[in-house]
Amino acid sequence: MKIEAKFYSEKNKIYFLNGTELNTKNKKIIDGKCCKNNSEPEENALYSINVTQELTGTEENANEEFLAEFRDWLKKLEDKNSFAIIIPFAENASATQEQKEIFTASFKHCARRIKDCENVIGFSVPENVEPDFFISELKAKHGHYIFFSTDENLLASDEKIAKL
């Protein structure tokens with residue numbers, strides 16, 4: 001299933017396809033643990049959802065219960081005209097190369113599990129990973145995703161990454 005893009009990024013900003021800029025300043029920051037079947041997202045909202053590797057598990061030992069419930073919650077956004085940006089969070093900022101690859105694989109698996117959620121705009125690029133590797137791994141099957149960052153060096157090097 002290929003999702004059609006609803007947004008594009010240019011000069012570190014994000015736009016709807018009609019050219020209207022998406023205001024990310026009023027986003028609602030929530031924890032992934034809050035995205036449960038018994039909670040309802042608000043209408044016309046932009047969510048920035050912090051998700052840890054502890055929640056997703058690893059690719060080999062994924063937390064499928066969380067990922068299924070997370071997907072169901074994200075699907076609710078479509079009826080609410082709301083959108084989400086996934087913020088992967090690593091507990092270990094000074095990870096080894098192998099840990100960075102495992103972390104990236106975990107969120108690649110997460111992206112596969114939520115692949116049919118049309119209102120997921122994309123993922124932020126975590127500080128503890130190799131940005132090019134993380135983006136290429138997720139973008140391989142999810143070409144519509146936009147990537148976000150707060151890292152000024154990364155933003156300066158790639159105008160297609162939106163400022164978060």
Check: Restricting to region 108-127, what's the tally of residues that are more than 14 Å from Glu4 (Cα to Cα), in contact with an Asp or Glu (Cβ under 9 Å, 6 or more places away or on another chain) and of a type outside the set (A, V, I, L, M)?
Finding: 4
Next item on the list: Count, please, the residues in region 6-26 that happen to be in a loop (DSSP other than H, G, I, E, B), exposed (fewer than 14 other Cβ atoms within 10 Å of the Cβ) and among the hydrophobic types (A, V, I, L, M, F, W, C).
Entry: 1
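Please count how many residues of region 152-164 are within 21 Å of Asn23 (Cβ to Cβ) and either touching a residue at least 24 places away in the same chain (Cβ under 8 Å) or surrounded by 18 or more Cβ atoms within 10 Å (Cβ to Cβ) (or both).
Restricting attention to region 152-164, the residues satisfying the condition of being within 21 Å of Asn23 (Cβ to Cβ) are 152, 155, 159-164.
Of the ones still in play, those that are also either touching a residue at least 24 places away in the same chain (Cβ under 8 Å) or surrounded by 18 or more Cβ atoms within 10 Å (Cβ to Cβ) (or both) are 155, 159-164.
So the answer is 7.
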Next item on the list: Evaluate the following for Thr56: is it crowded, with 19+ Cβ neighbours inside 10 Å, in contact with a His (Cβ under 9 Å, 6 or more places away or on another chain), of a type outside the set (Asp, Glu) and closer than 26 Å to Thr24 by Cα?
Entry: yes
Check: Quick one: in region 21-73, which of the residues that are in contact with a Cys (Cβ under 8 Å, 6 or more places away or on another chain) and at pLDDT 95 or above is nearest to Phe7 (Cα to Cα)?
Finding: Ile49
Notebook entry, point to check: How many residues does region 119-150 hold that are of a type in the set (Asp, Glu) and either modelled with pLDDT of 95 or more or buried (at least 17 other Cβ atoms within 10 Å of the Cβ) (or both)?
Noted result: 1
Notebook entry, point to check: Quick one: would you say Ile29 is in a strand (DSSP E or B), of a type outside the set (Asp, Glu) and loosely packed, with under 15 Cβ neighbours inside 10 Å?
Noted result: yes
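Considering every residue within region 99-115, establish whether at least one is of a type in the set (Asp, Glu) and either assigned to a loop (DSSP other than H, G, I, E, B) or open to solvent by 70 Å² or more (accessible area, probe 1.4 Å) (or both). First the steps, then the outcome.
From region 99-115, those of a type in the set (Asp, Glu) are 101; that's our starting set.
From what is left, the residues that are either assigned to a loop (DSSP other than H, G, I, E, B) or open to solvent by 70 Å² or more (accessible area, probe 1.4 Å) (or both) are 101.
Yes: region 99-115 contains one or more residues that are of a type in the set (Asp, Glu) and either assigned to a loop (DSSP other than H, G, I, E, B) or open to solvent by 70 Å² or more (accessible area, probe 1.4 Å) (or both).
If a residue must be among the small types (Gly, Ala, Ser) and closer than 16 Å to Ser106 by Cα, how many such residues does region 62-85 contain? Working first, answer last.
From region 62-85, those among the small types (Gly, Ala, Ser) are 62, 68, 82, 84; that's our starting set.
Retained after the next criterion (residues that are closer than 16 Å to Ser106 by Cα): 62, 68.
Residues in region 62-85 being among the small types (Gly, Ala, Ser) and closer than 16 Å to Ser106 by Cα: 2 in total.
The values are calculated or read from the model by the stated rules, or taken from the named source; none is laboratory data. Fair warning: this is a prediction, and the values are worked out from it, not measured in the lab. For neighbour counting, all protein chains shown are included, and Cβ atoms are generated from backbone atoms with ideal geometry for every residue, glycine included. In case anyone asks, the SASA skips ligands and DNA or RNA and just uses the protein heavy atoms, side chains included. Shrake-Rupley method; radii C 1.70, N 1.55, O 1.52, S 1.80 Å.
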